[in-house]
1. Mind checking whether some residue in the range 92-104 is assigned by TED's automatic domain parsing to the domain that holds V252, at pLDDT below 95 and under 25 Å from E6 (Cβ atoms)?
2. Could you please give the count of residues in the range 235-245 that are out of contact with any Phe, Trp or Tyr (no Cβ under 6 Å at 6 or more places or on another chain), away from the ligand (no atom under 11 Å from the Cβ) and closer than 23 Å to R128 by Cβ?
3. Could you count how many residues in the range 17-35 are of a type outside the set (G, A, S), closer than 12 Å to I76 by Cα and within 14 Å of the ligand (Cβ to nearest atom)?
4. Against the condition within 27 Å of Q280 (Cβ to Cβ) and away from the ligand (no atom under 12 Å from the Cβ), how does V13 come out, does it pass?
5. Among the residues of the range 103-123, write down those that are within 12 Å of the ligand (Cβ to nearest atom), under 21 Å from I201 (Cβ atoms) and not aliphatic (A, V, I, L, M).
6. Looking at the range 206-234, I want the residues that are closer than 17 Å to G134 by Cβ and assigned to a loop (DSSP other than H, G, I, E, B) and have a partner that is within 11 Å of the ligand (Cβ to nearest atom) and modelled with pLDDT of 95 or more with Cβ atoms under 7 Å, at least 6 apart or on another chain. Which pairs are those?
7. Could you check how many residues of the range 271-287 are closer than 16 Å to G246 by Cβ and assigned to a loop (DSSP other than H, G, I, E, B)?
8. How many residues are touching a Lys or Arg at 6+ places or on another chain (Cβ under 9 Å) and polar (S, T, N, Q) when one looks only at the range 76-105?
Amino acid sequence: MSSIHEPVLLQEVLEFLDPRPGKNFIDATLNGGGHTRALVERIMPQGRVLGIEWDPEVAKMAAERAAQSLYENNIIVVNDSYVNMSSIAERFHFRPDGILFDLGLSSWHYESSGRGFSFKRDEPLDMRFNSAAGPSAAELINTYEVAELEQILRDYGDEQFSHPIAAAIGKARWKKPIMTVPELVAVVESAVPNWYKHRKIHFATKTFQALRVIVNDELANVKIGILAAIDLLPSGGKLAVISFQGHEDKIVRELFKQKTKEGIIEIPIKRTIRPKWEEQKINPRSRSAKMKVALKI
Ligand SMILES: C[S@@+](CC[C@H](N)C(=O)[O-])C[C@H]1O[C@@H](n2cnc3c(N)ncnc32)[C@H](O)[C@@H]1O
């Protein structure tokens, strides 16, 4: 991969999942395999990691990299969504001792995918991890009702100017469809007050986050994926979930609460695990990371 994605909370993940020779793990969000590599080094020579990656380009790079490594026989790369984890595990007769989710997207997506994930680049507005995921961000922006766009920006981006931004999108696309990142950024800029443009957080951040979440149906996927993981784990199996935004974290918290009540999991570490200051200094992306862990009963 051209942009190195630093694995977040790596020490904390290893401490909790406790990989040892012969153990098997599922990395539900493989990407460049930062976490997987650390796991596989510790489970050699018999243990295996089943790595699931939804993005075909990323999965191809990960498979090539695994094939050229010392761990060729210990990593299985599958290009699919983690929502299909049960059938994927069944296909490979894979019984995991632990499962990791590291949600969201990678540095590569922002910097090298060319799909408009970053508001800083001149790229088409695609934003899909996988083109089979449904309509692109451009299709959505140019076809959804203005009221629907407003709701998306409010509910998935917590955007306080969802109303004027959605109205400005509606007006702009009358003249010409909004197809690129700079075109969308200009529309957002025209809709928000001046003070909003001079804050630490870029004025288009929330619009872009909301669109990405909805384009990839991320919140529904997280829910389905985590339930599938809990189901798949054997008694004593470990689940770790790293999230980067409030909506995901809330879903994890609620699912863990519900499954604890049902007596299916227990929570061995009650608090949310956050990166240490040392990690936050080196890797700014880690600053919003929150990890929650569970143990199958
Ligand atoms: C934050 S990155 C994971 C980074 C990885 N743990 C590492 O340290 O190298 C998240 C990855 O999950 C992938 N992804 C997003 N949704 C997915 C889904 N539904 N199923 C599988 N992978 C998904 C993204 O394409 C991205 O590559």
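1. Taking every residue of the range 92-104 in turn, at least one turns out to be assigned by TED's automatic domain parsing to the domain that holds V252, at pLDDT below 95 and under 25 Å from E6 (Cβ atoms).
2. Adding up the residues that qualify gives 1.
3. Result for the range 17-35: 4.
4. Details: within 27 Å of Q280 (Cβ to Cβ): yes; away from the ligand (no atom under 12 Å from the Cβ): no.
The answer is no for V13.
5. Of everything in the range 103-123, those that are within 12 Å of the ligand (Cβ to nearest atom), under 21 Å from I201 (Cβ atoms) and not aliphatic (A, V, I, L, M) turn out to be G104, S106, S107, H109, Y110, F117.
6. As it stands, the answer is N216/R128; N216/F129, since those pairs meet every condition given.
7. 2
8. 1
The values are calculated or read from the model by the stated rules, or taken from the named source; none is laboratory data. Because the structure is predicted, anything quoted here is derived from the model rather than measured. Here Cβ is always computed from backbone atoms with ideal geometry, including for glycine, and neighbour counts include all displayed protein chains.
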